[in-house]
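Report on the structure given below.
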Amino acid sequence: MDVQKTMDFILEQQAKTAITLDRLTEAQYNSEQRIARNEEAIEALIESQQRTDIKLGQLGEYINKVSTGLDHLKERVDALVLVVDSIIHRPQASQ
């Protein structure tokens, strides 16, 4: 058995393993950085969605107020139409 060849083989395998480990360590670091950026982006999206939900709620309230106002306006316009219609169709006194 050639001891030198065995030692060279072991050293070569260790060097390859060290290179692979370095690459994996770098890939892990890069992945952790991406995850951190994604987490920040998700937090920003959550905050944005919460603001949007509040605004949508406010908009819904405003729409309800406008709708109620339009209902009242319609009632008043309908009443005005009746008054104007009665004036137009009132029998004229003979002159």
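Tabulated data
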{"read-out": "Prolate/oblate/rounded label for segment 28-73 (Cα gyration tensor, a/c 1.5)", "value": "prolate"}
{"read-out": "C-alpha long axis of helix 3-88 to longest principal axis of the chain, angle in °", "value": "0 degrees"}
{"read-out": "Within the chain: Cβ-based charge dipole about Cα centre, in debye rounded to nearest 20 (Lys, Arg +1; Asp, Glu -1)", "value": "580 debye"}
{"read-out": "Computed [θ] at 222 nm, deg cm²/dmol, the chain (DSSP H ≥ 4; -39,500 (n - 2.57); rounded to nearest 500)", "value": "-34500 deg cm²/dmol"}
{"read-out": "Farthest positive-ward along segment 36-82 dipole, Cα basis, beta-carbon charges - from Gly57, Leu82, Ala44", "value": "Leu82"}
{"read-out": "Most positive-pole-ward Cα, Thr17, Met1, Pro91, against dipole of the chain from beta carbon charges", "value": "Pro91"}
{"read-out": "Linear extension gain, Thr6 paired with Gln33, 0.36 nm per residue minus alpha-carbon span", "value": "5.7 nm"}
{"read-out": "Set of lysines with alpha-carbon distance to Lys55 below 25 Å, sequence-local pairs under 8 removed", "value": "Lys65"}
{"read-out": "Net lengthening on full extension, His72/Thr17 (0.36 nm per residue, minus Cα-Cα)", "value": "11.7 nm"}
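Rule-based calculations on the coordinates, nothing more; no lab input. Quick caveat: nothing in here was measured; it's all calculated off a predicted structure. With ideal geometry, Cβ positions are generated from the backbone for all residues, glycine too; neighbour counts draw on all protein chains shown.
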